[in-house]
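Undergrad: I have a structure here, written as structure tokens, and I will follow up with some questions on it.
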Amino acid sequence: MRTDLDRTHATALDRVRNLGILAHVDAGKTTITERILYATGTTHKRGEVHDGTTVTDFDPQERDRGITIFAAAVSCEWDAHRINLIDTPGHVDFADEVERSLRVLDGAIAVFDAVAGVEPQSESVWRQADRHGVPRIAFVNKLDRAGADLDAAVESIRLRLHPAPLVVHLPIGREDGFVGVVDLLRMRALVWMDGAVEDRPVPDGLLDEARRRRRRLTEAVAELHPLALEEFCADGTVSAQTLAAALRDLTHTGEGLVVLCGSAYRDRGIEPLLDAAVAYLPSPEDVPPVRGTHDGETRERRADPAAPFAALVFKVIATATGRLTFLRVYSGTLRKGTQVRDAGAGRTERIARILRVRADRHSEVDQAVAGDIVAVSGPKAARVGATLCAPDAPLLLEPPVVAEPVVSVAVEARRSADTERLTSALARLVDEDPSLSVRTDAETGQTVLSGLGELHLEVAVEKIRRERGLEIAVGRPEVAYRETVVHGVTGLVYRHVKQDGGAGQFAHVVLDVEPLADGAFEFRSTVVGGRVPREYVRAVEAGCRDALTEGPLGGHPVTGVRVTLTDGATHVRDSSETAFRAAGRFGLREALRLSRMRLLEPVVEVVVTAPAEAVGGVLGDLAARRGRVADSAVRSGAATVTAVVPLAELFGYATVLRGRTQGRGTFTARPSGYVPVGG
């Protein structure tokens, strides 16, 4: 059914919100999304994660495991605003799904557990949002739990994430007795009784505390916002209207973080959360114009339906009815049946259908305009990160950054007749999830699937088994090692000379190789006098990058190296870019063979939560896994241990931890870089 918002969308960009839900695993993201869908009338029954009845966790594996694995998009309406909402995964193995979602969002709701406060993955997704400059508001969830403490959760936000928390709610009741909140802007109580919210005066017993907290909020806002400060100095207070306007400005700039609270499971706090999302988070009109390139020039496109069309592909999925490509439309208008250009690949694609998305259900619309998040059918080859644009106004947008795989497994079909089907299924997996990669091992001939973690690969393999009905044999997981330079070489001379009849190949290069502290790759040239032309210098750099794919210690990728081209020579007839690329590749390989190299392994920060009486066994086991304990604390009979552990030592750790803690221990892990093996 088409709504008024569909008909007037081209003139109502200020009434669109493209938002994400971000949090640590099990903080309540999916439950909040379900309650939002129910509160907005999009669904007529509350979905529950534990019952497997949620809208956004629709994949069988998500329902089996009780966690969000794939980012799911839904559209709903609240207070005459369209909200395009993306429920993102909380597990670290699926951080790339979060990265792709953040790339296309204008704002986000960060969810925190009222008992645990800021957890490891909360911090990780917060930093991801920082990199993308996404404005956020915060929702402290699960205030009905034993041990819930809003003030403690807010203090952990202040200490670990470093924004200025601006708390606009005061809880009414504690733990099981939590029934509502005091809205400190309006100084009114919101109480949830029998599934409905009631607007009441502030209870007498909370009036003094509410006044103190509103004063504290007013002073904090006045310190950060000049108009609020002016009113505060003149009147000694700040009106609700001025406070709301200031909170919106501070949210957009990131100087302040509006903090609300509630209990999504008990359906308390969702309506004010929606009001805050509409009031404080930006519309597509409020964010800076998107930037892209064409012919080496940077160009901007505003969120204007009349501008040339430009959109970014952030997700691709294969369904029973065909391939769906998810787009964030940044400018222009897209109509079904039109031709668009894949700017990176140089192809033209036809848009067959445009779909408004609600997880795995879709409704067809005639057009999508700037600010929309929609799915389209028709494009057959557009990859995640591709730019689709008007053929007569090309623009290439920056794609999302793809994380490098750190864990690999060998996979093969149990029946040789299924080998071709497995190859096709793996290709489709990589098409849908760029953080997965597939290669053939040169020595063994095995097919190797690589991803961001053990669970990531388990989910990928299980997806093939369920959807394709294939029996697959999976090898033991192996981590992705790296090699780095400890002590390089200076003045390595390499001459590439080849003569097979006709035009030959000639390239002469002199290379210096040295360590680079930040773990990246840097190439520079100090050649003077035109001894190596500029186009050949670029070819040498390309050849050096080719050489970094396999190091001398074990064929692992090389990182942390600076290469300097100091001299060279050309031949009047036989020199070419091909020859100099080969010289760069073989020259750097020779230089690395002569350098002192070191093997690096990935490490992760592990946070283990276990009963206090089991902490000794947990510490001993982490030490046996070469873990370095960074912190430990005991609160309310539960111990939290933070340690840095080599990723290779964590395979199967969940089972061991459950055994040592009688099933009561849990852990989370997040990447923490690379360290020398045995170092």
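Undergrad: So GLU432 ticks every box in (1) in contact with a helix residue (DSSP H, G or I) (Cβ under 8 Å, 6 or more places away or on another chain); (2) surrounded by 14 or more Cβ atoms within 10 Å (Cβ to Cβ); (3) of a type in the set (Asp, Glu) but one. Which box is left unticked?
TA: For GLU432, the exception is condition (1).
Undergrad: Go through the residues of the stretch 291-309 one by one and say whether even a single one is open to solvent by less than 30 Å² (accessible area, probe 1.4 Å), at pLDDT 90 or above, within 22 Å of PRO434 (Cβ to Cβ) and of a type in the set (A, V, I, L, M, F, W, C).
TA: No: zero hits.
Undergrad: Identify, please: which residue in the stretch 463-518 is among the aromatic types (Phe, Trp, Tyr) and not in a loop (DSSP other than H, G, I, E, B) and is, among those, most open to solvent (accessible area, probe 1.4 Å)?
TA: Restricting to residues being among the aromatic types (Phe, Trp, Tyr) and not in a loop (DSSP other than H, G, I, E, B), the top hit is TYR494.
Undergrad: While we're here: Surrounded by fewer than 19 Cβ atoms within 10 Å (Cβ to Cβ), at positive phi, out of contact with any strand residue (DSSP E or B) (no Cβ under 7 Å at 6 or more places or on another chain) and of a type in the set (Gly, Ala, Ser): is that true of GLY555 in this structure?
TA: yes
Undergrad: Hey, another quick one. Output the residues belonging to the stretch 568-607 that are of a type outside the set (Gly, Ala, Ser), more than 37 Å from the chain's Cα centre (by Cα) and open to solvent by less than 50 Å² (accessible area, probe 1.4 Å).
TA: Within the stretch 568-607, ASP574, PHE580 qualify.
Undergrad: OK, next. For the stretch 242-254, which residues satisfy the criterion of being in contact with a His (Cβ under 8 Å, 6 or more places away or on another chain) and open to solvent by 40 Å² or more (accessible area, probe 1.4 Å)?
TA: If the condition is that a residue be in contact with a His (Cβ under 8 Å, 6 or more places away or on another chain) and open to solvent by 40 Å² or more (accessible area, probe 1.4 Å), then ASP249 is the only one that fits.
Undergrad: Take the residues in the stretch 182-198 that are farther than 22 Å from ALA146 by Cα and in a strand (DSSP E or B), then tell me which one is nearest to the chain's Cα centre (by Cα).
TA: Out of the qualifying residues, it is ASP183.
Undergrad: Also, quick follow-up: Just for strands (runs of 3 or more DSSP E) wholly inside the stretch 367-451: which have at least 2 residues that are touching a residue at least 60 places away in the same chain (Cβ under 8 Å) and of a type in the set (Gly, Ala, Ser)?
TA: Those strands (runs of 3 or more DSSP E) span 407-413.
Undergrad: Mind counting the residues in the stretch 452-462 that are touching a residue at least 60 places away in the same chain (Cβ under 8 Å) and either in a loop (DSSP other than H, G, I, E, B) or open to solvent by less than 60 Å² (accessible area, probe 1.4 Å) (or both)?
TA: Final tally of qualifying residues: 6.
Undergrad: I'd like the residue in the stretch 641-659 that is in contact with a helix residue (DSSP H, G or I) (Cβ under 7 Å, 6 or more places away or on another chain) and surrounded by fewer than 18 Cβ atoms within 10 Å (Cβ to Cβ) and, out of all such residues, is nearest to ALA614 (Cα to Cα).
TA: Per the stated criteria, the residue is VAL656.
Undergrad: Additional query: Take the stretch 272-295 and flag every residue that is in contact with a Phe, Trp or Tyr (Cβ under 9 Å, 6 or more places away or on another chain) and either under 19 Å from THR33 (Cβ atoms) or in a strand (DSSP E or B) (or both).
TA: If the condition is that a residue be in contact with a Phe, Trp or Tyr (Cβ under 9 Å, 6 or more places away or on another chain) and either under 19 Å from THR33 (Cβ atoms) or in a strand (DSSP E or B) (or both), then LEU273, LEU274, ASP275, ALA276, ALA277, VAL278, VAL290, GLY292 are the ones that fit.
Undergrad: So, one more: Only one of (1) of a type outside the set (Val, Ile, Thr); (2) surrounded by fewer than 24 Cβ atoms within 10 Å (Cβ to Cβ); (3) within 24 Å of the chain's Cα centre (by Cα); (4) not in a loop (DSSP other than H, G, I, E, B) fails for PHE314. Which number is that?
TA: Single failed check for PHE314: (2).
Undergrad: Would you tally the residues in the stretch 519-544 being exposed (fewer than 14 other Cβ atoms within 10 Å of the Cβ) and part of a strand (DSSP E or B)?
TA: 2
Undergrad: Mind checking which residues of the stretch 522-564 are in contact (Cβ under 8 Å) with a residue 24 or more places away in the chain and of a type in the set (Ser, Thr, Tyr)?
TA: Scanning the stretch 522-564 gives SER525, THR526, TYR536, THR559, THR564.
Undergrad: Another question about this same structure. Do you know which residues across the stretch 199-228 are without any contact (Cβ under 8 Å) to a residue 12 or more places away in the chain and not in a helix (DSSP H, G or I)?
TA: ASP199
Undergrad: While we're looking at this one, here's another question. Out of the residues in the stretch 317-331 that are outside any loop (DSSP other than H, G, I, E, B) and aliphatic (A, V, I, L, M), which is modelled with the lowest pLDDT?
TA: Ranking the qualifying residues of the stretch 317-331, first place goes to ALA318.
Residue by residue, here is whether (1) surrounded by fewer than 16 Cβ atoms within 10 Å (Cβ to Cβ); (2) touching a Pro at 6+ places or on another chain (Cβ under 8 Å); (3) not hydrophobic (A, V, I, L, M, F, W, C) holds:
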{"position": "HIS169", "(1), (2), (3)": "no, yes, yes"}
{"position": "LEU184", "(1), (2), (3)": "no, no, no"}
{"position": "GLU223", "(1), (2), (3)": "yes, no, yes"}
{"position": "CYS233", "(1), (2), (3)": "yes, no, no"}
{"position": "GLY236", "(1), (2), (3)": "yes, no, yes"}
{"position": "ALA240", "(1), (2), (3)": "yes, no, no"}
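For every residue, the table says whether it meets (1) touching a residue at least 12 places away in the same chain (Cβ under 8 Å); (2) surrounded by fewer than 19 Cβ atoms within 10 Å (Cβ to Cβ).
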| residue | (1), (2) |
| --- | --- |
| GLN121 | yes, no |
| ARG127 | no, yes |
| HIS132 | yes, yes |
| ILE137 | yes, no |
| ARG145 | yes, yes |
| ASP149 | yes, yes |
| ALA153 | yes, no |
| ARG158 | no, yes |
| LEU161 | yes, no |
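Undergrad: Still on this structure: Taking the stretch 442-451 as the search range and keeping residues that are in contact with a Ser or Thr (Cβ under 8 Å, 6 or more places away or on another chain) and either surrounded by fewer than 18 Cβ atoms within 10 Å (Cβ to Cβ) or at pLDDT below 85 (or both), which one is nearest to GLU514 (Cα to Cα)?
TA: Of everything passing the filter in the stretch 442-451, VAL448 is nearest to GLU514 (Cα to Cα).
The values are calculated or read from the model by the stated rules, or taken from the named source; none is laboratory data. Keep in mind that what you see is a predicted model, and the values were worked out from it rather than measured. Note that each Cβ is placed from the backbone with ideal geometry, even for glycine, and that neighbours are counted across all protein chains shown. Note: accessible area is taken over every heavy atom of the protein model, side chains too, but ligands, DNA and RNA are not part of it. Shrake-Rupley method; radii C 1.70, N 1.55, O 1.52, S 1.80 Å.
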